[in-house]
Each structure stands twice: as C-alpha cells, then as structure tokens.
1. Residues that are assigned to a helix (DSSP H, G or I), within 17 Å of residue 147 (Cα to Cα), modelled with pLDDT of 95 or more and out of contact with any strand residue (DSSP E or B) (no Cβ under 8 Å at 6 or more places or on another chain): does region 23-34 have at least one?
2. Scan region 39-60 and tell me whether some residue there is crowded, with 19+ Cβ neighbours inside 10 Å and in contact with a helix residue (DSSP H, G or I) (Cβ under 6 Å, 6 or more places away or on another chain).
3. Can you tell me which of 162, 153 is over 11 Å from residue 107 (Cα atoms), in contact with a strand residue (DSSP E or B) (Cβ under 7 Å, 6 or more places away or on another chain) and in contact (Cβ under 8 Å) with a residue 24 or more places away in the chain?
4. For residue 86, work out the one condition from (1) within 20 Å of the chain's Cα centre (by Cα); (2) farther than 19 Å from residue 175 by Cβ it doesn't fulfil.
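The values are calculated or read from the model by the stated rules, or taken from the named source; none is laboratory data. These figures come from a predicted structure and were not determined experimentally. Because the Cβ atoms are built from the backbone with ideal geometry, glycine has one as well, and the counts that use them run over all protein chains shown.
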C-alpha cells in the first residue's frame, strides 16, 4: 500500500514557494510516496485574518492526520532554529505516533549556531553548563537543532539528515531532502 508523507518546512514562505513545493512533491512521488504538503489544498474563505489562519491550520492538521509520516525541513529559519510552524508539525506527528524524518541544510549544529548568535561570548558556569552573556543556558548536545526535535526524531526510529548547502541555497538545495526521502522510503515502503 502506498504511504502518504507530509512535507513540512518553511518553503511556503519562499518567493518561489509553489515551485519548491512542487519539486519536493515530484521527488516524493518518484520515491513511491503520496505527498501531502501545505499549499496543496484550497483554503476556505474567511471573514478575518484570524479565521483565515485557523482555516490553514485546520487543513494542514487534517493532512497530517491522513499521512503515515512526515519529512520535516528543520533548516534554521529567521534565526538560529527551525521554523516554528514546522516544529509544531513535527511535534504533532510525533504525538500521533507517526513515522518522523527530518533534515537540515545547515551543517553547523545547534550549539555552534547559538555560540555564533552570542558572537562566541559564552562560557561554562560552575556546573559546566554553557551560558551566554545574558545568563541563559546554551544547549550543548551535539544535535542539529533543539534536543526535543532531533531527539524526538531519533527516539522514534526516524533519521535526521544533516546537509551543507551554500548559504544562498539553504532553502532551495534539495540534496539533504533527497537523502532523507531515500531513508524514509527504505524504512516505510
């Protein structure tokens, strides 16, 4: 039986969103999946922006309920960590007990990105835990993103692929996605 895979990621915000979503969907079909992705279905009209946002949420959650698994693009977005909508989708799928896979197009791990955010000004406290100049602790678990994301994927038997795209191609390079898709196909099909 063909498996449905939900394609989560920040691509919906790109200026070429439809092109990127279509490219990823085509690759998922070639791998043997039925792709489901934000932007695939028409959004019902709404009287307010708030209602429109809720309609988008409802459609995306319905697609996730129908999916057998997710491939989440956790490439850092608008900061040092993954897109918040994508992290919600990954958590939603984990909570449902679905198959979860993830990738990033940035090779630097979460700790390195936080240290860069602090311009390298972070040091271990008396207990050995790194703290930034603002006193906040810095995660240091050698994971690609927050421990709940990376750990959540691994603990459920999924894979987390770390790519290394050029800075101007971190949202368009599909190399890590293809590798993640191959791993997902080997495990699910």
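1. Among the residues of region 23-34, not one is assigned to a helix (DSSP H, G or I), within 17 Å of residue 147 (Cα to Cα), modelled with pLDDT of 95 or more and out of contact with any strand residue (DSSP E or B) (no Cβ under 8 Å at 6 or more places or on another chain), which makes the answer no.
2. Pass one, region 39-60, residues crowded, with 19+ Cβ neighbours inside 10 Å: 60.
Now restrict to residues that are in contact with a helix residue (DSSP H, G or I) (Cβ under 6 Å, 6 or more places away or on another chain): none.
Scanning region 39-60 turns up no residue that is crowded, with 19+ Cβ neighbours inside 10 Å and in contact with a helix residue (DSSP H, G or I) (Cβ under 6 Å, 6 or more places away or on another chain).
3. Numbers: 162 fails: over 11 Å from residue 107 (Cα atoms).
None of the other options fit; the residue is 153.
4. Result: residue 86 fails condition (2) only.
Residues are listed down the side, and each one gets a yes or a no for (1) closer than 23 Å to residue 22 by Cβ; (2) without any contact (Cβ under 8 Å) to a residue 40 or more places away in the chain; (3) touching a strand residue (DSSP E or B) at 6+ places or on another chain (Cβ under 6 Å):
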{"position": "46", "(1), (2), (3)": "no, yes, no"}
{"position": "55", "(1), (2), (3)": "yes, yes, no"}
{"position": "90", "(1), (2), (3)": "yes, no, yes"}
{"position": "93", "(1), (2), (3)": "yes, no, yes"}
{"position": "112", "(1), (2), (3)": "no, yes, no"}
{"position": "117", "(1), (2), (3)": "no, yes, no"}
{"position": "134", "(1), (2), (3)": "no, yes, no"}
